[in-house]
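Okay, structure first, notes after.
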Amino acid sequence: MSELVDDFASPEVLTSDVAFEGKVWNIRRDRFVLDGDEIVREYTDHPGAVAVLALDERDRVLLIKQYRHPVEMRDWELPAGLLDIRDESPLAAAQRELAEEADLVAESWSLLAEFMTSPGGSNEVLRVYLARGVSAAPVVFDRTEEEAGIEVRWVSLDEVVDGVLARQLQNSILAIAALSAAAGQQRGWSTLGDPKAPWPRHPLERR
């Protein structure tokens, strides 16, 4: 039996065009050949993103709540952001987001989880970092738009997992990160990865 792992595929892409150019991301239309069939698909062309599960010495997770217009809800999330700064590494982006959204820095960083958010309609891939040894950042950032109303709360990891399993917390990044952290903790954190590891599954790395 073969190893249980996602496989790379390289269909012949005949054309690839921006069908809609948006403020944050674009819709791309690709025409490609797969198994002899010519197919057209449109999808969100996304730069990728990072998130941070900050865990303190009491096994509490830093959560933030902010408004998300597509679902018209203020949901509990992790500090997170787009990889939209040229030549910024994913780890540096995660460190920046933790400082900008929560006014925190961390001594220790590990790779916790890596996933595709919606592979049927977006090429977005996301990395979640585990940050420990957290303390106040030397600079407090001014936040605007949705981030201006951010609410911050430290919650035990067990309580976050309970909220996910009870379907009360439905942010996908938070759910995957919390369940990954709980499983990793049970395994003595043997599942953690190098925070500077290459990211070959990022579609922009293969272009």
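Some observations on this one:
- Of all residues in the stretch 116-127, exactly one satisfies the criterion of being over 13 Å from the mean Cα position of the chain (by Cα) and part of a strand (DSSP E or B), namely Ser122.
- Residue check, Arg60 within 30 Å of Arg132 (Cβ to Cβ) and not acidic (Asp, Glu): yes
Residue by residue, here is whether (1) touching a residue at least 24 places away in the same chain (Cβ under 8 Å); (2) within 19 Å of Pro203 (Cα to Cα); (3) part of a helix (DSSP H, G or I) holds:
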position: Gly81; (1), (2), (3): yes, yes, no
position: Ile85; (1), (2), (3): no, yes, no
position: Val139; (1), (2), (3): yes, no, no
position: Val164; (1), (2), (3): no, no, yes
position: Ala177; (1), (2), (3): yes, no, yes
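- Within the stretch 18-37, being surrounded by 11 or more Cβ atoms within 10 Å (Cβ to Cβ) and more than 28 Å from Ala177 (Cβ to Cβ) holds for Val18, Ala19, Phe20, Arg29, Asp30, Arg31, Phe32, Val33, Leu34.
- Assessment of the stretch 140-151 against the conditions (more than 18 Å from Met73 (Cα to Cα), modelled with pLDDT under 95 and surrounded by 12 or more Cβ atoms within 10 Å (Cβ to Cβ)) yields at least one matching residue.
- Asp56 being in the same structural domain as Gly193 (by TED's automatic domain parsing), surrounded by 11 or more Cβ atoms within 10 Å (Cβ to Cβ), out of contact with any helix residue (DSSP H, G or I) (no Cβ under 9 Å at 6 or more places or on another chain) and in contact (Cβ under 8 Å) with a residue 12 or more places away in the chain: yes
- The residues of the stretch 179-198 that are within 17 Å of the chain's Cα centre (by Cα), among the aliphatic types (A, V, I, L, M) and either in a loop (DSSP other than H, G, I, E, B) or more than 10 Å from Leu112 (Cα to Cα) (or both), listed by number, are Leu179, Leu192, Ala197.
- Qualifying residue in the stretch 97-115 (condition: at pLDDT below 95, among the small types (Gly, Ala, Ser) and either farther than 30 Å from Val13 by Cβ or not in a strand (DSSP E or B) (or both)): yes
The values are calculated or read from the model by the stated rules, or taken from the named source; none is laboratory data. Keep in mind that what you see is a predicted model, and the values were worked out from it rather than measured. Don't worry about glycine lacking a Cβ; one is built from the backbone with ideal geometry, like all the others, and counts go over all protein chains shown.
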